[in-house]
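Each value in this text was obtained by applying a stated rule to the coordinates, not by laboratory testing. Since the structure is predicted, the reported quantities are computational estimates derived from the model, not experimental observations. Virtual Cβ from ideal backbone geometry, glycine too; neighbours counted across all protein chains shown.
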Amino acid sequence: MTRAHIAEPADVSSHEARDIVVAGVRAGRAVKPIAVERYTRTAMVLHWLLALAIVGQIAFGWYLQSVPRKTPDRTIYVNYHKSTGIIIGLLIFARLAWRLTHKPPPLPASMPSWERRAAHANHVLLYVCMIVMPLAGYIASNFSKFGVKFFNRITFPPWGIDDQAVYAFFNGLHVATSYLFVALIALHIAAAIKHALVPRHGILRRMLPL
Ligand code: HEM
Ligand code: HEM
């Protein structure tokens with residue numbers, strides 16, 4: 001299989017210079033090379049930075065479950081989780097704003113259409129979870145008397161009332177969405193691994209700066 005790297009081709013029109021990887025499509029016994037457009041550097045940086053931050057935040061959320069409730073330690077850890085969650089949430093909204101103004105490269109036409117539709121659905125749902133997770137957590141916190149103590153230093157007094165039912169709804173949404181999020185991420189990684197093992201369409205390299 002041929003895999004070359006051609007920097008900044010003149011025929012690619014986009015907001016930023018994109019580059020192209022050459023993947024191969026099987027044509028009978030031969031492998032026919034095809035050009036696959038890559039994501040821009042900004043898209044890659046935002047993707048990998050947030051992927052790391054989100055996986056870390058999920059692990060932190062799970063760790064929280066092992067910290068005994070109604071203890072000073074729990075308050076400290078929960079406030080750290082809320083603080084990193086708010087920062088990640090702001091980064092997510094910045095990424096979303098950037099993404100809405102920058103078109104991603106189209107998936108190669110050589111990919112089966114069901115796979116292209118599945119990838120699109122997976123990405124849309126990942127964005128939905130990326131929005132719901134920090135928002136639900138933040139709203140829940142504001143319907144509890146605790147609010148948010150940013151990095152255990154600055155108190156953000158809650159703007160909502162102390163209401164158990166509203167808190168339970170948004171906290172329940174936060175927890176339930178985390179399971180959907182993990183399932184979608186697992187599917188997303190499995191698809192990326194499949195494309196790395198059978199690299200016919202150059203999918204993984206579209207998101208890698210190598
Ligand atoms: C928390 C973890 C992750 C999240 C939330 C996430 C989210 C996303 C989203 C939303 C897109 C679509 C980008 C767009 O077109 O706007 C995307 C693309 C992509 N992601 Fe991830 N991702 C995560 C982790 C990973 C990991 C670990 C891998 C590799 C093993 C990976 C590989 C890719 C690839 C290759 C693409 C480009 C797919 C294409 O060519 O269309 N992602 N990711
Ligand atoms: C992208 C951002 C976030 C992610 C991925 C995330 C993820 C998680 C996860 C996986 C859990 C454990 C759920 C469980 O299995 O019970 C959790 C719990 C929690 N999160 Fe987040 N979180 C995020 C942002 C936030 C924010 C912004 C806040 C509040 C300002 C927050 C507040 C909480 C609280 C209070 C819990 C404990 C819930 C309980 O045990 O009753 N999270 N989070």
**Report entry** Relative contact order (%) - criterion: Cα under 8 Å, at least six apart; region: the stretch 41-197
**Finding:** 22
Requested in this report: With a Förster radius of 22 Å, plug the Cβ-Cβ distance of ALA53 and LEU100 into 1/(1 + (r/R0)^6) and report the FRET value to the nearest 0.05.
Outcome: 0.65
Requested in this report: Just flag the trypsin sites (Lys or Arg not before Pro) in the stretch 147-210 sitting in loop per DSSP whose Cβ has no more than 15 other Cβ atoms within 10 Å.
Outcome: ARG153
**Report entry** Cleavage-rule hits (chymotrypsin sites (Phe, Trp or Tyr not before Pro)) in the stretch 112-209: DSSP loop, at most 10 neighbouring Cβ within 10 angstrom
**Finding:** TRP159
Report task. Determine the distance separating the Cα centre of the stretch 142-174 from the Cα centre of the stretch 78-121; give it in Å without decimals. Result -> 27
Query raised in the report: Leaving out same-chain residues fewer than 8 places away, which lysines sit with a Cα under 20 Å from that of LYS70?
Result: LYS82, LYS145, LYS149
